[in-house]
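Participant: Please read through the structure below; I'll follow up with questions.
Each value in this text was obtained by applying a stated rule to the coordinates, not by laboratory testing. The shown structure was predicted, so the numbers you read here are calculated from the model rather than taken from an experiment. Don't worry about glycine lacking a Cβ; one is built from the backbone with ideal geometry, like all the others, and counts go over all protein chains shown.
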Amino acid sequence: MPGEQSAVLRAAVAGDERAFDELIGPLVDPGFRLAISMLGDREEAEDAVQEATIKAWRNLHQLKDAGVARSWFFTIVANQCRSVRRGRWWSVVKLAAPEQAKSGPEDEAVQRTDLQRAMRTLAPDARLALYLRYYMDLPLNEVATVLGVSETAAKSRIHRAAQGLKPVVDVPEGVT
């Protein structure tokens, strides 16, 4: 399988769109979930992932090992989301939110969970660390890569973020 992944990567770098889709395609949906967790807006997340996918295509030559494609792509998505957040100058102005279509009772219940509210109180980077580790179930080394820090620093960020949730929700002992 590693040889097969290397062949797909070589083909993608050579310009084969199918190979690129085989390599990056399965990562787009998790990348979108990552973008939503960082941006909190579906349309901005879609735009960020689309832009990240274009950047991945343009910079594919920088990926030397297909085995790290997931963390490489998630890093591009996270950086694009950070860029979007920095560029939200209009978010300083508070406008009334447009009336949203009512969702079903199950959707409303999910949106109101204590954990979701608590997660929104965290700083974006703390939320990202928890999301990568516990929602996307990435190993610590990939979390560190996406965050751009050492594994020790990533572990500390995850721990501090989980500790930040404790006053708001009951965090199980094994999570920290």
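Participant: First measure r as the distance between the Cβ atoms of D29 and Q163, then evaluate 1/(1 + (r/R0)^6) with R0 = 45 Å and state the FRET efficiency to the nearest 0.05.
Facilitator: Efficiency, from the Cβ-Cβ distance: 0.90.
Participant: Roughly how big is region 8-87's charge dipole about its Cα centre, with Cβ charges of +1 (Lys, Arg) and -1 (Asp, Glu), in debye to the nearest 20?
Facilitator: That gives region 8-87 a dipole magnitude of about 380 debye.
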